[in-house]
Structure formats: structure tokens, C-alpha cells
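The values are calculated or read from the model by the stated rules, or taken from the named source; none is laboratory data. What you see is a predicted model; the values in this text were computed from it and never measured. Neighbour counts run over all protein chains shown; Cβ positions are idealised from the backbone, glycine included.
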Amino acid sequence: MQGSFIVYLIGYILMIAGVAYGMIQADVPQTWVTVVVLVLAGAGLIYAFSRSQRDKAMDPEKNAQADRMRQQGGGAAGGGQAQGGGAQQGGQEQPGGGQAQGGGQQQPGGQT
């Protein structure tokens, strides 16, 4: 993840240098060259940062860790017990549904 950010940053810097060089060769005033370079640099940093945040969210190792935490009952507040409620949420057993869904025990014949 860190390596891809650096590669992106190097490529973007080379692109900005090329744009600046082209503007200078076209006799664009130095003030406008500076403005364009700063705007492109700011946009590149914002894009790169948002992209790295998105990559963090899609990191399979971190997602696997979060799944293990949820299965052990250490996830978000009120989790655990197959998300059926339980004592953390003050949930009650619901008629119908299996125990994994927070329901009561099923009676023979489908009655609860």
C-alpha cells in the first residue's frame, strides 16, 4: 500500500514537471505556471490520500481481523450472539425463528 502511494506520487510529480516545462516553453507567464503547478499538486495529494484510505478499507487482512473480532463477540457494541440481541442490547427472545436469529425454541408442528 505504501509503495503504491510512492509510485503514484513520483509519476504525478513527473507529469506536473512536464506540464510546467511545456507552459514555460509556450511563454506562459511564470505566475500562471506556479498557479497550475500548485493546483495540480494539491489535487494529486488529495486524490492519492483518498485512494490510500479506500485501499485500507478494502484490505483483506484487516477485514479478516474485523470478522474474527465480530465472531468472538468483540465487534461493535451490541454484537455477538449471532446478532440476535442478547444481554448487551437488552434483547428478548423472539417467537419464531431459530435460536441463532434470537427466536425462542421451536415447538413441534411449527408452533412457538
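Conditions (1) at pLDDT below 90; (2) under 26 Å from the mean Cα position of the chain (by Cα); (3) of a type in the set (Gly, Ala, Ser); (4) on the phi > 0 side of the Ramachandran plot, marked per residue:
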{"position": "15", "(1), (2), (3), (4)": "no, no, no, no"}
{"position": "20", "(1), (2), (3), (4)": "no, no, yes, no"}
{"position": "23", "(1), (2), (3), (4)": "no, no, no, no"}
{"position": "28", "(1), (2), (3), (4)": "no, no, no, no"}
{"position": "47", "(1), (2), (3), (4)": "yes, yes, no, no"}
{"position": "69", "(1), (2), (3), (4)": "yes, yes, no, no"}
{"position": "72", "(1), (2), (3), (4)": "yes, yes, no, no"}
{"position": "96", "(1), (2), (3), (4)": "yes, no, yes, yes"}
{"position": "99", "(1), (2), (3), (4)": "yes, no, no, no"}
**Asked** Is the stretch 102-111 home to any residue that is part of a helix (DSSP H, G or I), at positive phi and either at pLDDT below 85 or out of contact with any helix residue (DSSP H, G or I) (no Cβ under 7 Å at 6 or more places or on another chain) (or both)?
**Response** yes
**Request:** Take the stretch 16-56 and flag every residue that is free of Cβ contacts under 8 Å to residues at least 24 places away in the same chain, β-branched (Val, Ile, Thr), within 24 Å of residue 4 (Cβ to Cβ) and surrounded by 11 or more Cβ atoms within 10 Å (Cβ to Cβ).
**Result:** 19, 37, 39
